[in-house]
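The values are calculated or read from the model by the stated rules, or taken from the named source; none is laboratory data. Keep in mind that what you see is a predicted model, and the values were worked out from it rather than measured. With ideal geometry, Cβ positions are generated from the backbone for all residues, glycine too; neighbour counts draw on all protein chains shown. Heads up: the accessible areas ignore ligands, DNA and RNA and are worked out on the full protein's heavy atoms, side chains in. Shrake-Rupley method; radii C 1.70, N 1.55, O 1.52, S 1.80 Å.
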Amino acid sequence: MTATILPLHPNQRPAPRIWPAIALVLLQWMIILVPALIVPGTMLQFMGMFYGPIIGLLSIFIWWLFFSRLTWPTRWIGLAAFLVIFAIAFVVAHTSMRFALIVVVAPIATTVWAAWTLIGARHGERTLRSGLIACFAVTFAIALLLRSNGLDGSIRSSYALRWSKTAEEKFLASHHSTAASPTTSPNTLTLSEGDWPAFRGPNRDSKLPATSIRTDWNDHPPRQIWRHLIGPGWSSFCVIGDHVYTQEQRGQLEAVVCYQLTTGDELWSHEDQARFTEPLAGPGPRATPTFDAGNIYTFGAKGILNCLDARNGQVVWSRDVAADTGAPLPNWGFSSSPLVANGLVTVITGAKGKTIAAYNAATGQPAWTSGDGWSYASPQISKIDGVNQLLYVTENGAAGLDPTTGQPLWQHSFPLSKGANRATQPDIINDNELLLGAAFGIGTRRIKITHDASQWKDQEVWTSRSIKPYYNDLVIHKNHAYGFDGSTFTCINLDTGKPAWRAGGVYGNGQVLLLPDQDLLLVLSETGEAALVEAKPEAYKQLASFQALNGKTWNHPVISHGKLLVRNGEEIACYALQ
């Protein structure tokens, strides 16, 4: 008996091929999620979060057009519907959601695409087409209702309803300056004991020696002296006597603001027509003011370098560093806290061949430029092998310059992967050794710098992946370093680079301040909790804590004149510690 093969009816088509779409969607989510689980806080996680959705979209497009077995009208209508609805959503969505449309909404849309094709194809292609258009419209319409509040240090997003007021809008609606018309007081402000004149203190090391505070917070928590809303920004504080200086965004104006330490009242503000914002970290200036010889020096996120009278905010001089050097606007804004030393004020610009720009501190006249590379850290004066020098870090490593001329002294290569940047200060261990940290899975290196009459030499002592600081600075105490390995608070031994202890998931991506006389760390968590932790390598031990702020907190805390000052992009507060 011979089998008869009947011809395929002209109206019959092979069943839609849907399994590749299911496989591609699963692959997409693996690319997005697996790096976050296996290697969190690395460049691989960020690349997975960004490229996973793009790979998913392109793969689904290819499957839909060439391998789905659907009719060509259905293929073209489905693809056109996605592209048109996505384009409309991109234009109509809140500006903060445009990045989220790619990395968050698009993967959801491709998942819905595959799922509805599996369901809708059973009911005919007309139903498949109309249902697919509806799925796209609903998916992206939900995104139109939202506003992104950016990412935290672990690259997690948060959202709010689009029409709800932002923290900045709430501040602007309630802000009424308490400052009278600035008048020049008869005496120039001078640095005195207990002041905090620059980012992370006078040595940029977040150490507060010769100071003791009460540690019985459980029975006697720090007393709130004042607390109020503030414009967004990631600046810390400069404190001179009863004057507290910081930077914040106020709508389209970038403000340097002086508050009274004892009351929180605004004494004066200086405003520049400048606004910087980006969707991941949000709006506002990044750098911290610096005090020197009666003046306040500030560096705005768009490159405005100001010298202001510390008494009243009147402009002594101002420069546009971006225009002076040709520096492009960095992705996260200019972040270098000004360094004032040897009659010069210096900042990191990132301009090609002009990484460091120095200006005459009294007049603002350009003095010199030097170096290559980029960094979100700040220059600092450090004595290395007996020689005072300007120390700075870039994506290439660390380098030292003559602070008066900008002439290179030495450079140590410890490069990052392409697209990564450094954002933490180098930490001095002893006379000729320092720590150089890096995030994105790279780690921290101890290097030794020496010189003789003819040349400088740099040497790697060890490199450790036990602590990988991102924008969270370390502190050094009794041959150990304390700080954040991603979101894990960590202590490492400086002889070996190996961890003494790790306290995972306790403080998020926070900041730390050292009180060496008490073997004590003050940690400000990413969610605004202030905690006291023993600075001892034997074991992690938290003594006490309290909720100092609400909201995402990346700003460095300051202790000055017996008071704890904390802020974030939403509020500022002062607590009595004695």
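Brief remarks follow.
- Net charge dipole size for the chain [Lys, Arg +1 and Asp, Glu -1 on Cβ; Debye, nearest 20]: 2580 debye
- Once the chain from Leu37 to Lys418 is taken as fully extended at 0.36 nm per residue, the excess over their C-alpha distance is 134.9 nm.
- Estimated 222 nm signal from helices in the chain, with DSSP H stretches of n ≥ 4 weighted -39500 (n - 2.57), rounded to 500: -6000 deg cm²/dmol
- Take the Cα of Trp76, step 7 Å toward its Cβ, do the same at Ala539, and the gap between the two points is 7.3 nm.
- Shape annotation for segment 179-315: C-alpha extents along the principal axes are 46, 43, 30 Å, from largest to smallest.
- Using a probe of 1.4 angstrom and keeping all protein chains present, the accessible surface of segment 223-299 works out to 28 square angstrom per residue.
- Computed FRET value (nearest 0.05) for Leu26 with Ser157, which takes r as the C-beta separation and R₀ as 22 Å: 0.50
- Most positive-pole-ward Cα, Thr117, His94, Ser466, against dipole of the chain from beta carbon charges: Thr117
- Computed from backbone phi, the HN-Hα couplings of segment 78-88 come to x, 5, 5, 4, 4, 5, 5, 5, 4, 5, 4 Hz, rounded to whole numbers (Karplus: 6.51 cos²θ - 1.76 cosθ + 1.60, θ = phi - 60°; Gly and Pro given as x).
- Label zone at Val84 (point 7 Å along Cα-to-Cβ), backbone N below 20 Å, segment 128-164: 128-144
- Alpha-carbon geometry of segment 453-524: the Rg and the Dmax are 13.9, 49 Å, given in that order.
- For segment 235-389, diffusion coefficient by Stokes-Einstein and Kirkwood Rh (Cα), 20 °C, 1.002 mPa s, µm²/s: 137 µm²/s
- Annotation: amide H-H contacts under 5 Å for Trp410 (H modelled 1.01 Å from N, sequence separation of 5 or more, or interchain): Gly400.
- Label point at Val315 placed 7 Å out along Cα→Cβ; residues across segment 286-307 whose backbone nitrogen lies under 18 Å: 295-307
- Taking all C-alpha pairs of segment 196-261, those more than 16 Å from each other amount to 62 percent.
- With both labels modelled 7 Å from their Cα along Cα-to-Cβ, the Lys478 to Thr263 distance reads 4.3 nm.
- Projecting the Cα atoms of Gln425, Gln455, Gly483 onto the charge dipole of segment 422-494 (Cβ charges, centred on the Cα centre) puts Gly483 farthest toward the positive pole.
- Cβ-placed point charges (K, R +1; D, E -1), dipole of segment 363-512 about Cα centre in debye, nearest 20: 480 debye
- Filtered GluC sites (Glu not before Pro), segment 504-578: DSSP coil and at most 14 other beta carbons within 10 Å: Glu538
- Positive-end residue of Leu229, Gly201, Val256, charge dipole of segment 180-271 with Cβ unit charges: Gly201
- With a Förster radius of 51 Å applied to the C-beta separation of Arg17 and Asn203, the computed FRET efficiency comes to 0.20.
- Pairwise label distance in nanometres, Gln518 with Thr404, each label 7 Å out on the Cα-Cβ vector: 4.1 nm
- Ratio Rg/Rh [Cα only; Rh per Kirkwood] for the chain: 1.06
- With the convex hull constructed from alpha-carbon coordinates only, segment 494-578 shows a mean projected area of 6.1 nm² over all directions.
- With Cα atoms, 0 to 90° folded angle of helix 43-62 axis to the chain main axis: 20 degrees
- Near Leu514: Cβ cut-off under 14 Å, other residues only, Lys/Arg at +1 and Asp/Glu at -1. The net charge is -1.
- Placing a label point 7 Å from the Cα of Asp495 along the Cα-to-Cβ direction, none of the residues of segment 434-476 has a backbone N under 13 Å of that point.
- Shape of segment 360-459 from the C-alpha gyration tensor: oblate (a/c of 1.5 or more and a/b not above b/c, with a ≥ b ≥ c the square roots of its eigenvalues).
- Accessible-area value, Met43, 1.4 Å probe, nucleic acids and ligands omitted, Å²: 30 Å²
- Environment charge of Ala576, counting only residues whose C-beta is closer than 10 Å and scoring Lys/Arg +1, Asp/Glu -1: +3
- Measuring r between the beta carbons of Thr190 and Tyr51 and using R0 = 51 Å, the FRET efficiency lands at 0.40.
- Stretched out straight at 0.36 nm per residue, the stretch from His123 to Phe67 would grow longer than its current Cα-Cα span by 18.2 nm.
- A Cβ-based charge dipole, computed about the Cα centre of segment 468-578 with Lys and Arg at +1 and Asp and Glu at -1, lands at about 100 debye.
- Difference of contour (0.36 nm per residue) and Cα-Cα distance, Asn550 to Glu271: 97.8 nm
- Trypsin sites (Lys or Arg not before Pro) within segment 429-529: DSSP coil, no more than 16 neighbouring Cβ in 10 Å: Arg465, Lys478
- DSSP-loop trypsin sites (Lys or Arg not before Pro) across segment 351-431, with at most 14 other Cβ within 10 angstrom: Lys352, Lys418
- Translational diffusion of segment 77-192 was estimated from the Stokes-Einstein equation, with Rh taken as the Kirkwood radius over Cα pairs; at 37 °C and 0.692 mPa s the coefficient is 185 µm²/s.
- Computed over segment 336-401, Kirkwood Rh from alpha-carbon pairs, angstrom: 11.8 Å
- Overall Cα dimensions of segment 287-327, principal axis frame, Å, largest first: 32, 18, 14
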